[in-house]
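**Student:** Input: one structure, supplied below.
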Amino acid sequence: MLSSNSRFEKYTIRTEQPCDFKAIENLTREAFWNVYRPGCTEHYVLHCYRESPDFVPELSLILEVEGEIVGHVMYAWSHIDADDGRKIKMMTFGPINIRPDFKRKGYGKILLDHSMELAKKMEGGCLLIVGNIDFYGKSSFVSALTKGIRYADDPEATYFLCKELDDGFLDGITGSYHDPEGYFVADQNPEAFDRFDAEFPPKEKLKLPGQLF
Ligand SMILES: CC(C)(COP(=O)(O)OP(=O)(O)OC[C@H]1O[C@@H](n2cnc3c(N)ncnc32)[C@H](O)[C@@H]1OP(=O)(O)O)[C@@H](O)C(=O)NCCC(=O)NCCS
């Protein structure tokens, strides 16, 4: 557990417990709702990932301020398909989210940076994600292309980002990366997703400018 003071309030970071699951899923839903698509599916991704052998329970972390859960991140083991035929074990992460009314106070970066220190200790190797360089760049992520790793769905993608947890982890490695199957669970099972989402308070799905899907 990490306890400290940010610019504004005292915060604590700890691993999630079963009694936190529903609150975290609701937080994830609140944070992602209508951001990348009408509604969101990230809370279901998290829910299902907990059953996966690739899920990293030690890195399913909650950030609390004054005893209230205001942030969460999860990690999963994944791999790079190296051009020389090897499978390089490494980690990815997400969803990561901060409660909407606590955004832009520095908590997202605090949670990410702390989780990456723990991931390094667990020999996560490197992290690969699709994300916004404006946020991840502050934590030293770079375009994965500069490290020789291509996003399988879009090999020229500059929004596909990398962070070596151990300097030089990717030296001598080129290859491509597929998002793990666990991130597509809502598309693969839309009826189960709809049943799951109906357990949460009703929210309006809106088509908004800037959404990706
Ligand atoms: C992305 C998210 C986790 C960031 O958390 P946060 O606590 O708001 O971010 P921080 O305050 O730690 O931001 C640190 C720096 O990152 C950059 N940053 C953060 N969010 C940004 C945004 N939306 N656009 C541009 N830059 C951003 C800024 O430089 C910021 O520093 P500043 O506020 O001093 O300018 C949060 O906005 C969130 O939950 N979003 C919805 C879910 C989501 O999109 N998750 C990420 C999916 S890849």
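Here, each number is a calculation from the coordinates, and none is a lab measurement. It should be emphasised that the depicted structure is a prediction, and the values quoted were computed from it without experimental measurement. Here the Cβ positions follow ideal geometry from the backbone for every residue, glycine too, while neighbour counts run over all protein chains shown.
**Student:** Condition check: farther than 20 Å from Asp113 by Cβ and touching a strand residue (DSSP E or B) at 6+ places or on another chain (Cβ under 8 Å). Does Ser60 satisfy that? Before the answer, list the steps.
**Tutor:** Working: farther than 20 Å from Asp113 by Cβ: no; touching a strand residue (DSSP E or B) at 6+ places or on another chain (Cβ under 8 Å): yes.
Against the criterion (farther than 20 Å from Asp113 by Cβ and touching a strand residue (DSSP E or B) at 6+ places or on another chain (Cβ under 8 Å)), Ser60 does not qualify.
**Student:** For the condition free of Cβ contacts under 8 Å to residues at least 60 places away in the same chain and away from the ligand (no atom under 16 Å from the Cβ), what is the one hit in Asp154, Asp166?
**Tutor:** Among Asp154, Asp166, only Asp166 is free of Cβ contacts under 8 Å to residues at least 60 places away in the same chain and away from the ligand (no atom under 16 Å from the Cβ).
**Student:** Testing Arg14 on (1) surrounded by fewer than 22 Cβ atoms within 10 Å (Cβ to Cβ); (2) outside any strand (DSSP E or B), one condition comes back false. Which one is that?
**Tutor:** Arg14 satisfies all of (1) surrounded by fewer than 22 Cβ atoms within 10 Å (Cβ to Cβ); (2) outside any strand (DSSP E or B) except (2).
The rows are residues; the columns are (1) over 21 Å from Lys163 (Cα atoms); (2) of a type in the set (S, T, N, Q); (3) surrounded by 17 or more Cβ atoms within 10 Å (Cβ to Cβ).
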| position | (1), (2), (3) |
| --- | --- |
| Asn34 | yes, yes, no |
| Ser60 | no, yes, yes |
| Gly67 | yes, no, no |
| Asp81 | no, no, no |
| Met90 | no, no, yes |
| Lys103 | yes, no, no |
| Lys109 | no, no, no |
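**Student:** Scan the strands (runs of 3 or more DSSP E) fully inside segment 51-135 and keep the ones with 1 or more residues being within 11 Å of the ligand (Cβ to nearest atom) and under 21 Å from Phe21 (Cβ atoms). Reasoning before the result, please.
**Tutor:** Values: elements: 61-65, 68-82, 87-98, 126-130.
Passing ranges, in order: 61-65, 68-82, 87-98.
**Student:** Please state which of the following conditions Leu59 fails to meet, knowing it meets all the rest: (1) in contact with a helix residue (DSSP H, G or I) (Cβ under 7 Å, 6 or more places away or on another chain); (2) free of Cβ contacts under 8 Å to residues at least 24 places away in the same chain.
**Tutor:** All conditions are met except number (2).
Quick grid of which residues meet (1) in a loop (DSSP other than H, G, I, E, B); (2) within 30 Å of Ala23 (Cα to Cα):
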site	(1), (2)
Asp153	yes, no
Thr158	yes, no
Leu170	yes, no
Phe184	no, yes
Glu191	no, yes
Pro202	yes, yes
Gln211	yes, yes
